[in-house]
1. Mind checking which pairs have a first residue in the stretch 116-135 that is free of Cβ contacts under 8 Å to residues at least 60 places away in the same chain and a second that is surrounded by 15 or more Cβ atoms within 10 Å (Cβ to Cβ), Cβ under 6 Å, 6 or more apart or different chains?
2. Kindly indicate the residue of the stretch 93-111 that is in contact with a helix residue (DSSP H, G or I) (Cβ under 7 Å, 6 or more places away or on another chain) and assigned to a helix (DSSP H, G or I) and also surrounded by the fewest Cβ atoms within 10 Å (Cβ to Cβ) among those meeting that condition.
3. So how many residues does the stretch 117-137 have that are part of a helix (DSSP H, G or I) and of a type in the set (V, I, T)?
4. If you scan the stretch 44-92, which residues turn out to be within 24 Å of I23 (Cα to Cα) and assigned to a loop (DSSP other than H, G, I, E, B)?
5. Inspect the stretch 72-92 for any residue being within 24 Å of N135 (Cβ to Cβ) and surrounded by fewer than 19 Cβ atoms within 10 Å (Cβ to Cβ) and give the result as yes or no.
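What follows draws every value from the coordinates through simple rules; no lab data is involved. Owing to the predicted nature of the structure, the values given are computational and were not obtained by experimental measurement. Cβ placement follows ideal geometry from the backbone for every residue including glycine, while neighbour counts extend to all protein chains displayed.
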Amino acid sequence: MSQRTLVLLKPDAVRRGLVGEIIGRIESKAGWKISALELRTLDRPLLETHYAEHEGQPFYEPLMTFMSSGPSVAMVVEGERVIEGLRTMAGPTDPIAAAPGSIRGDFGTIVRENLIHASDSEESAEREMKIFFPNFV
């Protein structure tokens, strides 16, 4: 089933020069395509909307500070089972638990700065794409 999802390459991925490597992995997956892409520094109001369900958690403020610390790449990726596939490609949040071959397994260093966000469901993907690309969806 063809789907669309939001992917964010976080400030650590941009800072470390991993954008090309990660996009290359996405583009090399047969049948997947990037249909929207933008490099931008994410402001607090946008991040508050995106991370609303985490407000009040101990990691919320450090996450907000990290995510606004530099540019990120926001993109919409389309393809067969892309939501599940990108979550697998990204690997678990903890880079120690992430398998070699996954983005976090190969390049991750710490849990909080974990390189990539990929929507976890069709509902989340729709909500998140509207936040980052309101004129696209």
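1. Between residues of the stretch 116-135 that are free of Cβ contacts under 8 Å to residues at least 60 places away in the same chain and residues that are surrounded by 15 or more Cβ atoms within 10 Å (Cβ to Cβ), the close pairs are K130/V137.
2. R104
3. Matching residues across the stretch 117-137 total 1.
4. Passing the criteria: Y51, S68, S69, G70, P71, R81, G91, P92.
5. Here is the first cut: in the stretch 72-92, the residues within 24 Å of N135 (Cβ to Cβ) are 72-79, 82-83, 86.
Those left that are additionally surrounded by fewer than 19 Cβ atoms within 10 Å (Cβ to Cβ): 78.
Looking for residues that are within 24 Å of N135 (Cβ to Cβ) and surrounded by fewer than 19 Cβ atoms within 10 Å (Cβ to Cβ), one finds at least one in the stretch 72-92, hence yes.
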